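Student: This structure is in structure tokens; I'll ask about it shortly.
The values are calculated or read from the model by the stated rules, or taken from the named source; none is laboratory data. Source: prediction; values computed, not measured. Glycine gets a Cβ as well: all are built from the backbone with ideal geometry, and neighbour counts include every protein chain shown.
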Amino acid sequence: MPGLAALFFLTALLYGAAGFGGGSTYNALLVLAGTDYRSVPVIALACNILVVTVGSWRFARSGHVDWRRIWPLFVLSIPFAWLGGRLVVAETVFVGLLAASLLLAGLLMLWQPLWEKEAQGAVRSRWLEPVAGGALGFLAGLVGIGGGIFLAPLLYMLRWGPPKAIAGTCAIFILANSLSGLAGQLAKGSGAAGGEALATYWPLFPAVLVGGLIGSTLGSGRLDPKYVRILTALLILYVAARLAIRFYGETIGASG
């Protein structure tokens with residue numbers, strides 16, 4: 001547990017600095033540690049909430065959140081995150097979806113031209129933001145992530161605003177989806193197992209709280225988001241590769 005807590009601290013620090021919660025990597029670390037996959041999203045979402053609550057407050061306090069502008073992202077994301085959390089999936093499906101999500105997120109974060117787009121000439125659409133929010137919310141609830149690692153590249157492509165405004169928006173988005181997804185996870189049959197897992201894995205919560213506090217303080221200040229993004233992407237790709245190897249082994253074992 002101490003080693004896992006240290007990894008969670010590092011994850012929360014990196015993700016918190018970028019305005020993310022770290023749910024995707026928490027999930028992967030828990031799966032690789034042999035945690036019951038039915039409990040994994042509950043633990044990861046709880047850690048997400050601790051990190052992005054701090055991050056949301058930091059970014060909002062620094063003036064990086066436009067409350068009147070971000071609401072279309074939440075119209076469908078919150079109910080769909082709950083629906084995703086309620087859905088029961090097999091372990092191989094869960095691990096496969098998680099590995100694919102991490103791989104895609106890591107590659108998007110390393111795609112330099114995407115993150116260097118200017119904020120001027122933002123692309124706006126009445127339907128794109130709610131639909132994208134709903135899709136990301138469903139994935140967030142299903143896999144146990146906040147969806148911010150996918151929302152951020154989308155906002156950059158839409159030239160939503162400067163990096164810190166996007167980070168602040170992602171933090172609020174992750175918080176809302178994590179709360180809704182956690183409610184859905186606890187409402188289904190594995191809710192009792194999830195509650196027991198929260199008690200068993202409690203040392204992870206102070207680790208991510210401290211890591212998220214440090215990370216969000218650095219991220220909302222003068223820290224260059226470029227270097228945080230690259231480090232976070234490398235971490236994501238590493239755990240994605242580990243998960244993909246495990247998924248491949250489980251698939252081959254099942255077919256054999």
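Student: Looking at 87, 107, 73, 13 in this structure, which one is crowded, with 21+ Cβ neighbours inside 10 Å, more than 20 Å from residue 215 (Cβ to Cβ), modelled with pLDDT of 80 or more and of a type in the set (A, V, I, L, M)? Before you say what the answer is, go through the steps one by one.
Tutor: Details: 87 fails: crowded, with 21+ Cβ neighbours inside 10 Å; 107 fails: crowded, with 21+ Cβ neighbours inside 10 Å; 13 fails: more than 20 Å from residue 215 (Cβ to Cβ).
Result: 73 is the single residue among 87, 107, 73, 13 that is crowded, with 21+ Cβ neighbours inside 10 Å, more than 20 Å from residue 215 (Cβ to Cβ), modelled with pLDDT of 80 or more and of a type in the set (A, V, I, L, M).
Student: Identify, from the list 133, 184, the residue that is modelled with pLDDT of 85 or more, buried (at least 21 other Cβ atoms within 10 Å of the Cβ) and more than 16 Å from the chain's Cα centre (by Cα). Spell out the reasoning first.
Tutor: On the way: 133 fails: more than 16 Å from the chain's Cα centre (by Cα).
When all the criteria are applied, what remains is 184.
Student: Among (1) crowded, with 20+ Cβ neighbours inside 10 Å; (2) touching a His at 6+ places or on another chain (Cβ under 8 Å), where does residue 164 come up short?
Tutor: Exception for residue 164: condition (1).
Student: I've got another one for you. Go through region 47-77 and count every residue that is in a loop (DSSP other than H, G, I, E, B) and either within 15 Å of the chain's Cα centre (by Cα) or of a type in the set (A, V, I, L, M, F, W, C) (or both). Show your work before the answer.
Tutor: If we filter region 47-77 for residues that are in a loop (DSSP other than H, G, I, E, B), which is where we start, we get 62-66, 74-76.
So of that shortlist, the ones also either within 15 Å of the chain's Cα centre (by Cα) or of a type in the set (A, V, I, L, M, F, W, C) (or both) come out as 65, 74-76.
Total satisfying the criteria: 4.
Student: Let me ask something else. Out of everything in region 136-161 that is part of a helix (DSSP H, G or I) and of a type in the set (Val, Ile, Thr), what residue ends up being surrounded by the most Cβ atoms within 10 Å (Cβ to Cβ)? So that I can check it myself, show each step before the final result.
Tutor: Just the residues of region 136-161 that are part of a helix (DSSP H, G or I), to begin with: 136-143, 148-157.
Pick out the ones that are also of a type in the set (Val, Ile, Thr) and you get 143, 149.
Numbers: 143: 26, 149: 31.
Per the criteria, the residue is 149.
Student: Something else now. Run down 123, 95 and say which single residue is surrounded by fewer than 16 Cβ atoms within 10 Å (Cβ to Cβ) and either hydrophobic (A, V, I, L, M, F, W, C) or at pLDDT 85 or above (or both). Break it down into steps so the answer makes sense when it comes.
Tutor: Numbers: 95 fails: surrounded by fewer than 16 Cβ atoms within 10 Å (Cβ to Cβ).
Step by step, each of 123, 95 is checked, and only 123 is surrounded by fewer than 16 Cβ atoms within 10 Å (Cβ to Cβ) and either hydrophobic (A, V, I, L, M, F, W, C) or at pLDDT 85 or above (or both).
Student: Can you name every residue in region 82-99 that is assigned to a helix (DSSP H, G or I) and free of Cβ contacts under 8 Å to residues at least 12 places away in the same chain?
Tutor: If the condition is that a residue be assigned to a helix (DSSP H, G or I) and free of Cβ contacts under 8 Å to residues at least 12 places away in the same chain, then 93 is the only one that fits.
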